[in-house]
Amino acid sequence: MSPVEVSVVIPVYNEEDGLQALFDRLYPALDGLGNSYEVIFINDGSTDRSAALLAAQFHKRPDVTRVVLFNGNFGQHMAILAGFEHTRGRIVITLDADLQNPPEEIPRLVEAMRAGHDYVGTIRRQRNDTAFRRYASRAMNRLRERITKIRMTDQGCMLRAYDRNVIDTINACREVNTFIPALAYTFASNPIEIEVGHEQRHAGESKYSLYQLIRLNFDLVTGFSIVPLQWFSAIGTILSLFSGVLVVVLLVRRFLFGSEVQGVFTLFAMNFFLIGILLFGLGLLGEYVGRIYQEVRDRPRYRIKAVLEADPARAASAPAQVER
Ligand code: UDP
Ligand code: MG
């Protein structure tokens, strides 16, 4: 294996309109680094021309390009994990394909890694997303900070750098639903955050629906902490204490005033509220049980159709393979 200094991992899902612009900015930025580098694209089952464009780019720069082709859509984080398994660099950088993360920032991340950090997180100087996304993301950030021990100022930005050791540890994990920046954070010993630019999506539109964003945040919270379960049992304890007091009060009133029938609607309201809490708790429990179920089923996390790479020794040993 040839030693490579910097590996760049980019997940691609239906990005045909933006890929050329990405190539045009990414490669010059990396050429200017003055270090050996490799770019690993993962086609996450795109249904447009993305795979063909990636293959064309591979033939143009086979020395520094590798393309992992999934045979279906397994999600951004699975794509990045597959990319990690194909990296060789001492420093690994992740980047979005839609040019929201300017490739020109890569040298600054490399510089921070050189300064001795093993994880470089990023804060978007000025975030170019919808107001709803910005607001929801800030609220989730705060909730996550309380629930997990992970301190990330800006969880959403995927332009990040990881040390080889952190990557090797991530490669040893077999999690099904995960959030890579948080996973890496738990393994890093000397993390740092730097400010980076953030641009508007170059072309196409966001691949995340509201539902998927909610799912991702559940992964972030339930995947890294059991505090929600503990909160829930705390709420349950407090509620039973209150109901205990209520029973006593009602009993006393029964003797003082006889039977009372007023306040049925209050009773309804309280009932609905409690049922709401119960269902929420059941759902929360389900989140964890579902996770356990997915882990114990132990199915392959993704399937690789083919890997385009120049190194014949590696290429020969990597036909359609199943990773788990
Ligand atoms: N992506 C992916 N698989 C998916 C969804 C997204 O590989 O199922 C890639 C996408 O091509 C992009 C990155 O993940 O490179 C971030 O996606 P997007 O820009 O849609 O997310 P947003 O910036 O809106 O959070
Ligand atoms: Mg984006």
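The values are calculated or read from the model by the stated rules, or taken from the named source; none is laboratory data. Since we're looking at a predicted model, the values are computed, not measured. Heads up, the Cβs are rebuilt from the backbone with ideal geometry, glycines too, and the neighbour counts pull from every protein chain shown.
Select from region 1-53 the residues that are small (Gly, Ala, Ser) and more than 24 Å from Ile167 (Cβ to Cβ) and write down the one among them that is farthest from ligand 2 (Cβ to nearest atom).
Ala52
Given Leu284, Leu229, Leu267, Leu220, which one is surrounded by 10 or more Cβ atoms within 10 Å (Cβ to Cβ), closer than 30 Å to Met152 by Cβ and at pLDDT below 90?
Checking each option against the conditions leaves just Leu220.
Has region 213-226 got at least one residue that is farther than 21 Å from Tyr293 by Cα and of a type in the set (S, T, N, Q)?
no
Can you report the number of residues in region 202-231 which are among the aromatic types (Phe, Trp, Tyr) and touching a Phe, Trp or Tyr at 6+ places or on another chain (Cβ under 8 Å)?
Of the residues in region 202-231, 1 are among the aromatic types (Phe, Trp, Tyr) and touching a Phe, Trp or Tyr at 6+ places or on another chain (Cβ under 8 Å).
Touching a Leu at 6+ places or on another chain (Cβ under 7 Å) and either away from ligand 2 (no atom under 16 Å from the Cβ) or not aromatic (Phe, Trp, Tyr) (or both): which single residue out of Arg127, Arg144, Arg160 fits that description?
On inspection, the qualifying residue turns out to be Arg144.
For region 80-110: of the residues being farther than 25 Å from Thr186 by Cα and among the hydrophobic types (A, V, I, L, M, F, W, C), which is surrounded by the fewest Cβ atoms within 10 Å (Cβ to Cβ)?
Looking at the filtered set, the residue picked out is Leu99.
Could you list, in sequence order, the residues of region 145-193 that are of a type outside the set (A, V, I, L, M, F, W, C), more than 19 Å from Val110 (Cα to Cα) and away from ligand 1 (no atom under 16 Å from the Cβ)?
Scanning region 145-193 gives Glu145, Arg146, Thr148, Lys149, Arg151, Thr153, Thr169, Asn171, Arg174, Glu175, Thr186.
Among residues belonging to region 1-37 that are near ligand 1 (Cβ under 10 Å from one of its atoms) and of a type in the set (A, V, I, L, M, F, W, C), point out the one that is surrounded by the fewest Cβ atoms within 10 Å (Cβ to Cβ).
Selected residue: Leu22.
So for region 123-132 (the condition being touching a Ser or Thr at 6+ places or on another chain (Cβ under 9 Å) and closer than 21 Å to Gln230 by Cβ), does at least one residue qualify?
no
Checking Ile235 against (1) surrounded by fewer than 10 Cβ atoms within 10 Å (Cβ to Cβ); (2) under 30 Å from Met140 (Cα atoms), only one condition comes out false. Which one?
Result: Ile235 passes all but (1).
Find all pairs meeting these conditions: Cβ atoms under 8 angstrom apart; at least six residues apart or on different chains; first residue within region 130-145 and aliphatic (A, V, I, L, M); second residue surrounded by 10 or more Cβ atoms within 10 Å (Cβ to Cβ).
Pairs found: Ala136/Leu213; Met140/Gln155; Met140/Asn217; Met140/Leu220; Leu143/Val221.
List every residue pair whose Cβ atoms lie under 7 Å apart, where the two residues are 6 or more positions apart in sequence or sit on different chains, the first residue falls within region 191-208 and is touching a residue at least 12 places away in the same chain (Cβ under 8 Å), and the second residue, located anywhere, is within 14 Å of ligand 1 (Cβ to nearest atom) and part of a strand (DSSP E or B).
Every condition considered, the pairs that remain are Glu193/Thr122; Ile194/Thr122; Val196/Thr122; Val196/Arg124; His198/Arg124.
Taking region 296-312 on its own, how many of its residues are surrounded by 13 or more Cβ atoms within 10 Å (Cβ to Cβ) and either within 22 Å of Gln76 (Cβ to Cβ) or not charged (D, E, K, R) (or both)?
Count: 10.
Tell me which residues, restricted to region 189-216, are away from ligand 2 (no atom under 16 Å from the Cβ) and aliphatic (A, V, I, L, M).
Correct list: Ile192, Ile194, Ile214.
Just for region 111-161: of the residues that are among the β-branched types (Val, Ile, Thr) and at pLDDT 90 or above, which one is surrounded by the most Cβ atoms within 10 Å (Cβ to Cβ)?
Thr122
Give me a count of the residues in region 211-245 that are part of a helix (DSSP H, G or I) and closer than 20 Å to Pro181 by Cα.
Total satisfying the criteria: 12.
Taking region 45-82, which residues are touching a residue at least 24 places away in the same chain (Cβ under 8 Å), part of a helix (DSSP H, G or I), within 13 Å of ligand 1 (Cβ to nearest atom) and out of contact with any Asp or Glu (no Cβ under 9 Å at 6 or more places or on another chain)?
The answer is Leu54, Ile80.
Of all residues in region 98-144 being closer than 24 Å to Tyr208 by Cα and among the hydrophobic types (A, V, I, L, M, F, W, C), which is farthest from ligand 1 (Cβ to nearest atom)?
The selected residue is Leu143.
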